[in-house]
1. Pairs, please: C-beta under 8 Å, at least 6 apart or cross-chain, first residue over 17 Å from Phe132 (Cα atoms) and touching a residue at least 40 places away in the same chain (Cβ under 8 Å) and in segment 157-182, second outside any helix (DSSP H, G or I) and of a type in the set (A, V, I, L, M)?
2. So, Tyr111, is that one aromatic (Phe, Trp, Tyr), open to solvent by 70 Å² or more (accessible area, probe 1.4 Å) and either over 25 Å from Tyr151 (Cα atoms) or modelled with pLDDT of 85 or more (or both) or not?
3. Could you go through segment 82-105 and let me know if any residue there is out of contact with any Lys or Arg (no Cβ under 7 Å at 6 or more places or on another chain), part of a loop (DSSP other than H, G, I, E, B), exposed (fewer than 13 other Cβ atoms within 10 Å of the Cβ) and at pLDDT below 85.
4. State whether one or more residues within segment 175-188 are at pLDDT 90 or above and within 18 Å of the chain's Cα centre (by Cα).
5. If the requirement is being farther than 23 Å from Gly141 by Cβ, open to solvent by 60 Å² or more (accessible area, probe 1.4 Å) and at pLDDT below 95, which of these qualifies: Lys24, Lys78?
6. Mind checking which pairs have a first residue in segment 27-54 that is modelled with pLDDT of 95 or more and a second that is among the aromatic types (Phe, Trp, Tyr), Cβ under 6 Å, 6 or more apart or different chains?
7. For Val67, indicate whether it is of a type in the set (Val, Ile, Thr), under 25 Å from Pro137 (Cβ atoms) and more than 15 Å from the chain's Cα centre (by Cα).
8. For segment 124-142, what are the residues that are open to solvent by 20 Å² or more (accessible area, probe 1.4 Å) and within 17 Å of His92 (Cα to Cα)?
Amino acid sequence: MILLEQGNPGGQVNPNMIEEAINKVRTGERQAFTTLITAYERQIYTYCKYILRSREEAEDAVQDIFVKVYQELGRYEKRVSFSAWLYRVAYHHCLDQLRRRKRRSRLLSLYKLQLVRDNSEFPDDSPVDKLFGTLSPEERGLLILRVVEQYSFEEIAQITGSSSAALRKKYERLRRKLIQQKAEEGGCARGEVAESN
């Protein structure tokens, strides 16, 4: 079982250390995989939590993602950064989870659906939670990868399988949407929402 540790909460990761750990795992040193988990699990957990909107599902997703990464590590090619490859795995895993959730929810009765909504485990008590509550999973993912993780549009295109031009347009629309929301809530100063590059 993977435990969320305080190993590297969003800090800088040494790429040489990561590549060395990958090489060790590929040669059979399974213990070296803990280096990868420690380096990235907090970031992947945060990403999954905001996409799935559930702490429990995010914890399960992190475990599933790292199991998948361990099994597929032979397919990783150094032409993209390991973190971008890892986020790609996480992105597709979360989309699969959302599809499964959508199918399950169709089977629930109207009463049960109402109970789930009333007892939401993701309370709207912080501005970030309120903001993310108004966005689609795709928008949340784009915002996290671009603003929090600071990936380029080209790197996000590799992660999501979209074109970088399409991502730029989506990001611009998302920026305008957020500025509009902020203005409706009481205004924001020009430039308060980050300009896209």
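The values are calculated or read from the model by the stated rules, or taken from the named source; none is laboratory data. Please read these numbers as outputs of a predicted model, since none were measured by experiment. All Cβ positions, glycine included, derive from the backbone under ideal geometry; neighbour counts span all protein chains shown. Protein only, heavy atoms only, side chains kept; ligands, DNA and RNA dropped before computing areas. Shrake-Rupley method; radii C 1.70, N 1.55, O 1.52, S 1.80 Å.
1. Gln158/Val80
2. Against the criterion (aromatic (Phe, Trp, Tyr), open to solvent by 70 Å² or more (accessible area, probe 1.4 Å) and either over 25 Å from Tyr151 (Cα atoms) or modelled with pLDDT of 85 or more (or both)), Tyr111 qualifies.
3. No, that holds for no residue.
4. No, the conditions are met nowhere in segment 175-188.
5. Lys78
6. So the pair list comes out as Phe33/Tyr70; Ile37/Phe66.
7. Judged against the criteria, Val67 is a match.
8. Within segment 124-142, Ser136, Pro137, Glu138, Glu139 qualify.
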